[in-house]
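Take a look at the structure set out below.
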Amino acid sequence: MLAYIIRRVFQSLLVLLVVGLVAFSLFRYVGDPIDSLLGQERTIADIDRVRESLGLNDPFVVQYYNFLANAVQGDFGISYRQSRPVAEIIAERAPATLELAAVSALFAIGLGIALGVFTAIRRRGIAANVIMSASLIGVSLPTFLIGILLIYVFSVELDWLPSFGRGQVTDLGWWTTGLLTASGREAIILPAITLGLYQMTLIMRLVRSEMLEVLRQDYIRFARARGLRERAINFRHALKNTLVPVITVTGLQLGAIIAFAIITETVFQWPGVGLLFINAIQFVDIPVMAAYLMLISVMFVGINLIVDLLYFAVDPRLRIEGRNT
Amino acid sequence: MTTPVLSVRNLTVEIPTRAGLLKPVDGISYDIAAGEILGVVGESGAGKSMTGNAVIGLLDRPARIASGEIHVNGRRIDRLSRKELRRSRGKEIGMIFQDPLTSLNPLLTIGDQLTETISEHLDVSDGEAKARAIHALEEVGIPAARDRIDAYPHQFSGGMRQRVVIALALCAEPSLVIADEPTTALDVSVQAQITALLKRLCRERGMAVMLVTHDMGVIAETADRVAVMYAGRLAELGPVRDVITAPMHPYTDGLMQATPDASEGATRLRQIPGAMPRLGSLPPGCAFNPRCPYTQDRCCQDPPPTRDVTDGRAACWFPLTEHAAIPA
């Protein structure tokens, strides 16, 4: 098992290297950085001097190595637009995005699994059918439209919840959180629902179909034949057996939640890295874009690693140790 | 006579379909006494498993018990509420399924599965439940049960898993066990072990066992009496020796002819011509009449007499012993 983990970590590093290469290529080949640094009024001597000082005359491999070495230390260069270290800007913005992603993931997973189990167990019931039909909306409507609809209903018409921003934020030194204040909690509701709705319906439909599949299995029949209670059968025996595919999809979707926060953050003017990224694109702020790319890929890879380890926790058949047939 | 553990009277199971009402089990009656093994044989679709599922109350919808009565230990159980029925499952009636590879939940240890069943039915502490679980495993011949109780199903071989399944079915000490093809998925050598185990447990505990199988060999070795089913009806019921050596129903005779016998050497097996009719298109009269070599006019008109299960044997207008008397 340890060997497996080491192998997976190694693979993850490989993926990050490749992403790093793409991010680096952005830096190097999407326009000449000299253009954006020196502007129109420049001399050949200036260009050579800056090229030399930035290491742009070094061979490609050396440049890539330097980029990686800096990135590992959290140094992604200076933002062209804000003239501040990119790492600092991202660290400032990350808590907002991560908090939003965490809340909407909790919403998606919790409600998704609960509704999935419910609709599977009562699959002929009216409520289950209504939920299933309604879930089509969640799957088919684009995120920005859901956000705008929610703002229209709950902010404009009903005036219950704020339509933009993060509300009052508490500074914990290294982290800023909106969850400790009433206005912060109110502010996160609409964006979290907007961001998590698609994932919620996806998880719900997946859990439902997996449950229906598992409930047909012999061991469920055998559990019934032993007179176990329905609750024990549904949750202890059936739900656990649906978890492996659910964990897979949920893991990928968590990455998607963080990545797609861009749209939600734009709709709700949420001060996170997604909004930062959109602004960076507008101003061709390449160091910020590259850093964002790296950050998202680190999260994707990290989540996938955790997902793989969760398989072991759930399914004993994958554990190699203690196999003694 | 003492009350039989299981008593089934005129049991009919119906499945409503668009094409009409199907009767996979049609008016069958039998008893099983304590310590007795009743073998139920027949082709696929003859209604063997459906009978077992009806007794334990696990018919898949839309199949349902249309008429008849099922008594277990003198108590009528086909009218029980879902909750009462659930309580009697496992505790009064145990069931063993065909495939030990799929009958056990792969994600729970066998100890978990045993103790949850024991705790559900018996009022015992967790420690006591675990002790009973270990005992149940020892009883079915799992070596080093104490160490293996925390093992997962995939860590056992097929034969061992079927032993675990038996331990699970029996851990709350039911008086009736329905074994639905318990050896079909196993190697021949393991089959013999499992049938011997079932037989031993049946004798030791005085359980009534309903052994559903299509394997005449298993029946001959294990069962005390045998019920032969055809197209949802009982064709013949009687002591194993009688039915095997002198079958009275032409269908049973056909089945016996189609069973290989090592002592006879390489003779060609005789097969019963044709196939069992679909439930939706049973012929009038005796369901076996299109395939029966002895069919007469009467067989195509009136359903055969279903005599009292305790003494009568074959549901046939012209049982074979009578044919034997008539020179061909």
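Numbers at a glance
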quantity	calculated
Burial of 30 Å² or greater, the range B:77-119 residues [accessible area, probe 1.4 Å, versus chain by itself]	B:Arg86, B:Arg89, B:Phe97, B:Thr102, B:Ser103, B:Asn105, B:Pro106, B:Leu107, B:Leu108, B:Glu116, B:Thr117
Chain A - charge dipole about Cα centre, Lys and Arg +1 at Cβ, Asp and Glu -1, debye rounded to 20	2180
Scattering profile of the range B:154-233 at q = 0.13, 0.15, 0.17 Å⁻¹ [log10 I(q)/I(0), Debye over alpha-carbon scatterers]	-0.40, -0.53, -0.68
Charge sum, other residues only, whose C-beta stays under 12 Å from A:Ala238's C-beta, Lys/Arg counted +1 and Asp/Glu -1	+4
Label-point gap, in nm, between A:Gln282 and A:Leu13 - each point 7 angstrom along Cα→Cβ	4.0
The range B:101-173 - percent of accessible surface contributed by carbon and sulfur, probe 1.4 Å	46
Cα centroid separation, the range B:100-115 to the range B:166-234 (Å)	21
Residues of chain B: accessible area per residue with a 1.4 Å probe, Å²	44
Estimated distance in nm for a label pair at A:Leu145 and B:Cys300, the labels positioned 7 Å out from Cα along Cα-to-Cβ	6.7
Sulfur and carbon atoms: percent of accessible area, the range A:87-318 [1.4 Å]	69
Rg(Cα) / (2.2 N^0.38 Å) computed for chain B, rounded to two decimals	1.04
Chains A and B together, accessible area buried on both sides, 1.4 angstrom probe, square angstrom	2800
Mean projected area (nm²) of the alpha-carbon convex hull when the protein assembly as shown is viewed from all directions	42.0
When the convex hull of its Cα atoms is projected in every direction, mean area for the range A:146-274 (nm²)	10.5
Listing of the range B:142-165 residues, each with accessible area lower by at least 40 Å² in the full protein assembly than in the chain alone (probe 1.4 Å)	B:Tyr152, B:His154, B:Gln155
Per residue, in Å², the accessible surface of the range A:87-318 once ligands and nucleic acids are set aside, probe 1.4 Å	44
Cβ-based net charge around B:Thr184, under 10 Å, with every Lys or Arg adding one and every Asp or Glu removing one	-4
Solvent-accessible surface (1.4 angstrom probe) belonging to B:Lys83, in square angstrom, nearest 10	120
Accessible surface of A:Tyr292 - all protein chains present, 1.4 Å probe, nearest 10 Å²	20
Equivalent ellipsoid semi-axes, the range A:87-318, via Cα gyration tensor eigenvalues times 5, rooted, Å	36, 22, 15
Sum of -39500 (n - 2.57) over DSSP H runs of 4+, divided by residues of the protein assembly as shown (222 nm, nearest 500)	-16500 deg cm²/dmol
Sites A:Ala313 and B:Ala192, calculated FRET efficiency, Cβ-Cβ separation with R0 30 Å, nearest 0.05	0.15
Computed log₁₀ I(q)/I(0) - Debye formula, equal Cα scatterers, no solvent, the range B:101-173, q 0.17 Å⁻¹	-0.51
Quarter of Cα convex hull surface for the range B:200-254, i.e. mean projection, nm²	4.0
B:Glu236, A:Glu186, A:Glu41, reordered so the largest accessible area comes first (probe 1.4 Å)	A:Glu41, A:Glu186, B:Glu236
Residues losing 40 Å² or more accessible surface upon assembly, the range A:198-230, compared with the chain by itself, 1.4 Å	A:Asp218, A:Tyr219, A:Arg221, A:Phe222, A:Arg224, A:Ala225, A:Arg226, A:Gly227, A:Leu228, A:Arg229
At 1.002 mPa s and 20 °C, Stokes D of the range A:72-214 from Kirkwood alpha-carbon radius, µm² per second	124
Selected from A:Arg226, A:Arg51, A:Arg185 as most flexible by GNM, with chain A as the system and alpha-carbon contacts under 10 Å	A:Arg226
C-alpha long axis of helix A:240-268 to longest principal axis of chain A, angle in °	40
Cβ-defined net charge surrounding B:Thr102, 10 Å radius [Lys, Arg +1; Asp, Glu -1]	0
Anchor B:Lys91: lysines whose Cα lies under 26 Å away (excluding residues fewer than 8 positions away in-chain)	A:Lys240, B:Lys48, B:Lys83, B:Lys130, B:Lys199
Among A:Leu254, A:Leu190, A:Ala127 the positive-end extreme of the charge dipole of chain A (Cβ point charges)	A:Ala127
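The values are calculated or read from the model by the stated rules, or taken from the named source; none is laboratory data. Quick caveat: nothing in here was measured; it's all calculated off a predicted structure. With ideal geometry, Cβ positions are generated from the backbone for all residues, glycine too; neighbour counts draw on all protein chains shown. Side chains included, ligands, DNA and RNA excluded: accessible areas come from the protein's heavy atoms. Shrake-Rupley method; radii C 1.70, N 1.55, O 1.52, S 1.80 Å.
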